[in-house]
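The structure appears below as structure tokens.
The values are calculated or read from the model by the stated rules, or taken from the named source; none is laboratory data. What you see is a predicted model, and the numbers here were worked out from it, not measured in a lab. Glycine gets a Cβ as well: all are built from the backbone with ideal geometry, and neighbour counts include every protein chain shown.
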Amino acid sequence: MTFKDFNLNPKLQKAIEVAEFTTPSPIQELAIPVILQGKDVVGQAHTGTGKTAAFGLPILNMLQHNGGVEAVIIVPTRELATQVSDEIFRFGRFMGINTATVYGGSSYSRQLKHIAKASVIVATPGRFLDLLRGGKIDIAPRFVVLDEADEMLDMGFLDDIKEIFTFMPSDRQTLLFSATMPDAIKDLAQRILHEPEFITITAKDITNTNISQSYYVVEEYERDEALLRLLDFKNPHKAIVFSRTKSEVDRLTTLLVSQGYAAKGLHGDMEQRQREETIRAFKKDLEILVATDVAARGLDVTDVSHVFNYHIPFDSESYVHRIGRTGRAGKEGIAVSIVTPAEFKSLLKIEKTVGSKLVAKEIPTISDIKEKVSNSLITKIEEVDVDQNAIDLIEKLKEEYDLSTIVYKLATLLQTQIKVEGNERIGKSKKQINNIKKRFKNEPSKRKRWTRSRNRRSSSSSNRKRS
């Protein structure tokens with residue numbers, strides 16, 4: 001199906017087309033019709049599945065434009081509040097929709113001015129509750145959304161959320177979205193929703209066919225060189241490099257900048273102003289963002305071409321969240337993981353849980369990169385238009401050299417710009433990777449045989465003792 005099948009407001013449909021959204025994601029396809037029917041919804045779906053549009057589009061479609069706040073969207077972090085607000089504003093741009101973003105660390109008076117003009121509030125729990133408790137705002141929204149509910153639970157906001165709903169009207173439509181459904185979230189849903197429709201998007205649905213997933217096996221000491229080699233070869237338009245720790249983010253950012261890449265880091269120890277500046281730079285023209293999982297949660301940039309897992313994450317949910325940063329809005333994406341033989345067990349577990357095929361590949365050699373760059377140069381030469389300055393330069397050179405020599409010299413000059421350092425070949429070959437895979441896949445059966453043998457020996461020993 002397409003977004004046109006939802007029969008949305010023509011002005012809303014225009015914004016969808018300007019955003020180049022064509023085919024709904026699984027959560028959008030299932031949730032939008034139910035929300036348009038006025039039902040409460042509990043949606044279980046990870047970050048990167050298109051949840052904002054899943055609840056934002058039907059809400060915008062049903063706004064009555066009565067001059068007050070009609071919808072409140074509650075999210076766990078400032079970054080996510082800003083991004084959700086931006087996306088709601090983008091979809092509602094032709095409908096004259098104003099949004100107010102409410103979070104701590106910013107001016108109360110400025111936020112109150114925005115709220116006075118807004119149809120939609122996007123807020124973090126703490127600051128929003130402060131405004132309600134202090135009587136600074138008096139609103140009766142028809143729609144209330146809890147986004148990333150489990151994240152808010154982990155951050156200790158559960159009591160705040162329960163109190164927030166004591167200020168909300170009873171005849172509201174409530175939507176709750178969460179990646180996981182722990183008992184505390186189920187209890188909350190039972191408390192604040194009325195006969196909700198449950199929608200669950202599985203990991204298989206999330207890892208869409210727009211994202212090609214591959215992995216490269218290296219030794220630990222080769223990890224940095226492997227990342228640089230892959231960046232050189234794949235030449236991403238815009239990439240996120242995921243790392244596990246804040247210190248690793250800082251180190252990798254320094255490494256990439258030293259190698260000539262336009263890169264910045266993003267992690268939880270940065271000041272809010274720095275984080276906002278980094279995200280803005282990445283949305284505009286920054287080439288590479290190096291980030292931890294927590295810092296990049298909810299990050300919505302539609303033109304990320306590549307995601308690199310410098311370390312493979314500890315669990316499948318984190319993996320799905322990471323690769324969901326690419327392949328968005330119907331575009332193709334590439335997810336690359338760098339693993340060591342010791343991490344292979346985790347890789348196989350993720351592959352099994354997610355239900356996607358991760359393709360084993362070999363790290364490109366220096367010769368591979370030079371050949372690719374040469375081919376790229378040939379393409380550029382074929383497409384470039386000759387200008388007068390170039391003609392004048394060649395005519396001047398022809399005074400001393402024949403045309404063939406000039407061409408060879410210019411080609412040599414271009415080739416010297418291709419600098420790839422390190423060993424010609426790094427990482428494991430496909431044959432070596434297959435052997436590692438066989439070893440790990442055979443391990444369970446070996447353990448079972450060893451356990452059965454041990455049990456038999458134990459049984460035999462006990463029989464001898466009894467006799």
**Complete:** Exactly one of 187, 250, 285, 269 is acidic (Asp, Glu) and in contact with a helix residue (DSSP H, G or I) (Cβ under 9 Å, 6 or more places away or on another chain), and that residue is 269
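Please specify each residue of the stretch 133-153 satisfying the condition of being of a type in the set (Gly, Ala, Ser) and outside any loop (DSSP other than H, G, I, E, B). Full working, then the answer.
To start, the set of residues in the stretch 133-153 that are of a type in the set (Gly, Ala, Ser) comprises 134-135, 140, 149.
Hit for the stretch 133-153 is 149, nothing else.
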**the stretch 50-77 - residue that is under 16 Å from residue 151 (Cα atoms) and under 17 Å from the mean Cα position of the chain (by Cα) and, of those, surrounded by the fewest Cβ atoms within 10 Å (Cβ to Cβ)** = 77
**Message:** Which condition from (1) farther than 21 Å from residue 117 by Cα; (2) assigned to a strand (DSSP E or B) is the one that residue 30 breaks?
**Reply:** (2)
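What about residue 305, is it surrounded by 19 or more Cβ atoms within 10 Å (Cβ to Cβ) and either in contact (Cβ under 8 Å) with a residue 24 or more places away in the chain or within 11 Å of the chain's Cα centre (by Cα) (or both)? Give the steps one after another, and end with the answer.
Numbers: surrounded by 19 or more Cβ atoms within 10 Å (Cβ to Cβ): no; either in contact (Cβ under 8 Å) with a residue 24 or more places away in the chain or within 11 Å of the chain's Cα centre (by Cα) (or both): yes.
No.
Before we move on, is residue 281 touching a residue at least 12 places away in the same chain (Cβ under 8 Å), in the same structural domain as residue 312 (by TED's automatic domain parsing), within 15 Å of residue 306 (Cα to Cα) and of a type in the set (A, V, I, L, M, F, W, C)? Quick ask: steps written out before the conclusion?
Values: touching a residue at least 12 places away in the same chain (Cβ under 8 Å): yes; in the same structural domain as residue 312 (by TED's automatic domain parsing): yes; within 15 Å of residue 306 (Cα to Cα): no; of a type in the set (A, V, I, L, M, F, W, C): yes.
No, not satisfied.
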**Subset of the stretch 86-112 (residues that are closer than 15 Å to residue 52 by Cβ and of a type in the set (Gly, Ala, Ser))** = 92
**Message:** Name the residue that is farthest from residue 146 (Cα to Cα), counting only residues in the stretch 250-300 that are part of a strand (DSSP E or B) and not β-branched (Val, Ile, Thr).
**Reply:** 263
**Request:** Mind listing whichever residues of the stretch 232-273 are among the small types (Gly, Ala, Ser) and under 21 Å from residue 314 (Cβ atoms)?
**Result:** 243, 247, 265, 268
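Residues are listed down the side, and each one gets a yes or a no for (1) in a loop (DSSP other than H, G, I, E, B); (2) out of contact with any His (no Cβ under 8 Å at 6 or more places or on another chain); (3) modelled with pLDDT of 95 or more; (4) charged (D, E, K, R):
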| position | (1), (2), (3), (4) |
| --- | --- |
| 72 | no, yes, yes, no |
| 79 | no, yes, no, yes |
| 82 | no, yes, no, no |
| 90 | no, yes, no, yes |
| 106 | yes, yes, no, no |
| 122 | no, yes, yes, no |
| 168 | yes, yes, yes, no |
| 176 | no, yes, yes, no |
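Residues being among the polar types (S, T, N, Q) and at pLDDT 95 or above: count how many of those fall in the stretch 51-70.
Going through the stretch 51-70 one residue at a time, the tally reaches 1.
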**Fill in**
Given the conditions (1) surrounded by fewer than 20 Cβ atoms within 10 Å (Cβ to Cβ); (2) of a type in the set (Ser, Thr, Tyr); (3) part of a helix (DSSP H, G or I), every one holds for residue 180 apart from (3)
**Message:** So residue 241 ticks every box in (1) under 22 Å from residue 347 (Cβ atoms); (2) within 17 Å of the chain's Cα centre (by Cα); (3) assigned to a helix (DSSP H, G or I) but one. Which box is left unticked?
**Reply:** (3)
**Message:** Against the definition (modelled with pLDDT of 95 or more, farther than 18 Å from residue 181 by Cβ, in the same structural domain as residue 102 (by TED's automatic domain parsing) and buried (at least 20 other Cβ atoms within 10 Å of the Cβ)), how does residue 36 come out, yes or no?
**Reply:** no
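Going through the stretch 183-195 one residue at a time, which ones are of a type in the set (D, E, K, R) and either outside any loop (DSSP other than H, G, I, E, B) or not assigned by TED's automatic domain parsing to the domain that holds residue 41 (or both)?
Our first condition is that a residue be of a type in the set (D, E, K, R); within the stretch 183-195, this holds for 183, 186-187, 191, 195.
If the condition is that a residue be of a type in the set (D, E, K, R) and either outside any loop (DSSP other than H, G, I, E, B) or not assigned by TED's automatic domain parsing to the domain that holds residue 41 (or both), then 183, 186, 187, 191 are the ones that fit.
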**Asked** Do we have any residue at all in the stretch 296-314 that's under 19 Å from residue 82 (Cβ atoms), touching a Leu at 6+ places or on another chain (Cβ under 7 Å) and of a type in the set (Phe, Trp, Tyr)?
**Response** no
